[in-house]
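Shown next, in structure tokens, is the structure this report addresses.
The values are calculated or read from the model by the stated rules, or taken from the named source; none is laboratory data. Keep in mind it's a predicted model, so treat the numbers as computed, not measured. With ligands, DNA and RNA removed, areas are computed over all heavy atoms of the protein, side chains included. Shrake-Rupley method; radii C 1.70, N 1.55, O 1.52, S 1.80 Å.
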Amino acid sequence: MKKKTIGALILAAGAAATLAAAATPGVSSMLTKPAERPVSGITLAAEQFASEDAIAQRGVAEAVRRCMAKAGYDYTPAASGQQSVDLKHHIGFTTLTVETARASGYATFKPQGPGEPATNSEVGKLLADPAFQAALNGGGPSEQNVVESSEGLGMQWGGCTAEGITAIYGNANDYMRATGLAFNSLLVATNAAAADADIQSAVDAWKNCMSITAFPYSLPGEAASAGLDAGGQKELKIAVTDATCRADTNFDAKLTTVLDKYLTTRMKELETEVAAVKQIRSDASARAKALL
């Protein structure tokens with residue numbers, strides 16, 4: 001083989017791509033309106049819709065690996081994107097339970113995934129290799145190796161990336177619908193929820209609880225930042241105090257109630273797309289299982 005490198009790079013597609021919410025299915029220029037009769041539990045259903053199918057994504061990675069092997073590269077891309085979405089995180093408040101805080105502090109608040117490789121690392125050097133890029137993403141100028149979705153959004157397309165995605169999802173449009181577009185189609189609802197007055201009420205109750213502890217922070221984000229900066233046992237103490245006040249004030253439940261108001265409206269608007277994406281993912285998962 002030309003190279004023997006196993007990479008940990010994320011495929012530059014799907015939820016990892018920059019996809020504008022205003023161009024996603026059914027999205028208007030206005031933020032979502034709250035429902036008069038919110039459906040309890042709709043937030044969980046929305047999170048499932050926003051989350052990629054893990055088996056299908058593993059299948060894409062394996063299909064790309066096999067294609068790259070034929071091209072002479074021992075390269076395995078990391079599965080990409082939103083595989084377990086927490087919509088509270090997208091209104092500014094990552095979920096934190098007492099159990100998680102005790103076990104790992106604010107570990108879930110740290111950036112997830114392999115991140116960008118150092119330019120002088122083995123993978124970084126491989127990325128800079130034109131022959132590798134041609135095998136992975138297609139030859140020629142990168143601006144020519146772009147395919148658009150039915151919503152007018154594009155992703156890099158060519159080489160083994162295109163072959164791997166096609167093997168599992170059938171085409172680029174369905175891949176984007178089942179990954180980045182599904183997630184981004186909810187942003188008009190989460191952005192509206194983030195501005196809801198009941199969010200501040202939940203934060204105020206949490207703040208009052210924290211004010212009588214050893215860590216009187218005004219915002220959950222301040223507590224998390226302080227904990228991550230401190231590290232060690234102090235991080236655990238701050239995290240447990242934070243999580244305890246969240247539990248005592250029903251903080252997460254209040255946030256979910258706010259999200260339910262907006263996601264009830266949005267998921268109704270997306271009803272047809274949700275059903276279509278569910279079928280796309282089911283078909284992709286079946287193809288991936290046959291490959292893995």
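May I ask for the distance between the Cα centers of segment 242-262 and segment 265-292, given as a whole number of Å? What the calculation gives is 29 Å, centre to centre. A 1.4 Å probe over all protein chains sorts PHE49, PHE215 by accessible area into PHE215, PHE49, starting with the largest.
The H on the amide N of VAL146, modeled in the peptide plane, is under 5 Å from the matching H of TRP157, each at least 5 residues off or on a different chain. Rounded to the nearest Hz, the phi-derived 3J(HN,Hα) couplings of segment 208-217 under the Karplus curve 6.51 cos²θ - 1.76 cosθ + 1.60 (θ = phi - 60°) are 4, 5, 5, 5, 9, 10, 6, 10, x, 7, where x marks glycine and proline. Rolling a 1.4 Å probe over the protein chains gives MET210 an accessible area of about 0 Å². Cross-link check: pairs LYS237/LYS261; LYS125/LYS289; LYS261/LYS289; LYS268/LYS289; LYS70/LYS289 evaluated at a Cα-Cα cut-off of 29 Å; pairs beyond the cut-off: LYS237/LYS261; LYS125/LYS289; LYS261/LYS289; LYS268/LYS289. The 3J(HN,Hα) values that the Karplus relation (6.51, -1.76, 1.60; θ = phi - 60°) gives for segment 259-271 are, in residue order, 4, 4, 4, 8, 6, 4, 5, 5, 5, 5, 4, 9, 3 Hz. Gly and Pro appear as x.
The overall shape of segment 119-234, judged from the alpha-carbon gyration tensor, is oblate: a/c is not under 1.5, and a/b is no greater than b/c.
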